[in-house]
Each structure stands twice: as C-alpha cells, then as structure tokens.
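Since the structure comes first, as structure tokens, the remarks are kept for the end.
The values are calculated or read from the model by the stated rules, or taken from the named source; none is laboratory data. As the structure is a prediction and not an experimental result, all values here were calculated from the model. All Cβ positions, glycine included, derive from the backbone under ideal geometry; neighbour counts span all protein chains shown. What goes into the accessible areas is simple: the full protein's heavy atoms, side chains included, and nothing from ligands, DNA or RNA. Shrake-Rupley method; radii C 1.70, N 1.55, O 1.52, S 1.80 Å.
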Amino acid sequence: MAGTVVAVRTVRTPRSIETVARVRVDRAFKGADSRLLTVRAPGGLYKGRRLVVPGSPELIQGESVLLFLYRDVDSWRPVGMFQGVWRLDRDDLKMARASGSGGAVVLAPKAGRAAVDLRQRTVSQLVGDAGVTR
C-alpha cells in the first residue's frame with residue numbers, strides 16, 4: 001500500500017520496545033481494508049531506554065511510503081523489516097529503503113525513471129490487480 005505516516009510513537013510491551021506508526025492509506029494494492037493502519041516495528045526510544053534492532057525500518061511522521069505488510073494480531077508489520085518499507089519522493093518517481101543501515105534507490109538504469117511508478121500501476125501488477133485505489 002502507499003500512504004502517509006501521520007503519527008509515530010514508541011511503546012513498551014511486556015517483552016520489548018516497539019515503534020508504532022499510524023499510516024493513512026492513499027492507495028491499497030492488495031489486502032488493506034482500512035483507510036488508517038497501525039504499523040509496528042521492533043525498537044525505538046522509550047523513557048530514556050533505546051532498543052536498537054538491526055534491520056528495523058525507521059518510520060517518520062509526514063513521509064510518503066510504499067509498504068509491503070503482513071497482518072499481525074492487532075496491527076500490520078513490514079515484510080522483511082526494512083525491506084517492506086520504502087520512502088517515496090514527492091513525485092513518486094524515486095524510492096529509497098527506510099533503514100539507517102544503508103539502503104537502495106530504485107530507478108530504471110537508463111531512462112532515469114522509477115522502476116516502480118505508482119501512476120503506471122506497476123506495483124499493482126506485481127502484487128496482483130486486486131488492488132483498490134483510495
């Protein structure tokens with residue numbers, strides 16, 4: 001799904017510290033059934049205690065993102081941790097992985113155009129045409 005991170009907070013669970021983001025769904029390609037999703041990722045800063053989980057994505061309020069998610073008990077989680085979270089530039093022409101451990105930019109090699117272009121439904125074709133535009 002493509003959307004915008006509207007809020008981010010860190011919570012303490014019985015076992016760990018997690019980052020919880022609320023994401024407004026701008027476009028669901030497959031599976032998302034709501035306009036506002038809760039996305040959880042391990043790690044974060046909670047009351048002066050920091051838990052660093054290598055490979056965990058960084059979710060930043062206000063960012064446009066492309067998310068590949070799986071359903072957990074009461075929320076959604078990124079597939080492959082940082083691999084399931086991609087930042088989009090304002091024109092949706094460039095994506096970069098959302099991880100502090102480095103990343104990648106997805107561009108078509110010669111044309112300089114995005115390899116994944118939301119306007120041309122490339123993502124929808126990759127995950128199946130059952131998607132819904134919101």
**Prompt:** Out of the residues in the stretch 11-23 that are in a strand (DSSP E or B) and open to solvent by 40 Å² or more (accessible area, probe 1.4 Å), which is farthest from Val53 (Cα to Cα)?
**Reply:** Arg22
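Restricting to the stretch 72-111, and then to whatever is in a strand (DSSP E or B), within 13 Å of Ala41 (Cα to Cα) and open to solvent by less than 30 Å² (accessible area, probe 1.4 Å), can you tell me which residue is modelled with the highest pLDDT?
Pro78
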**Message:** Looking only at the stretch 32-75, filter to residues that are small (Gly, Ala, Ser) and out of contact with any helix residue (DSSP H, G or I) (no Cβ under 9 Å at 6 or more places or on another chain); which one of those is farthest from Val6 (Cα to Cα)?
**Reply:** Gly48
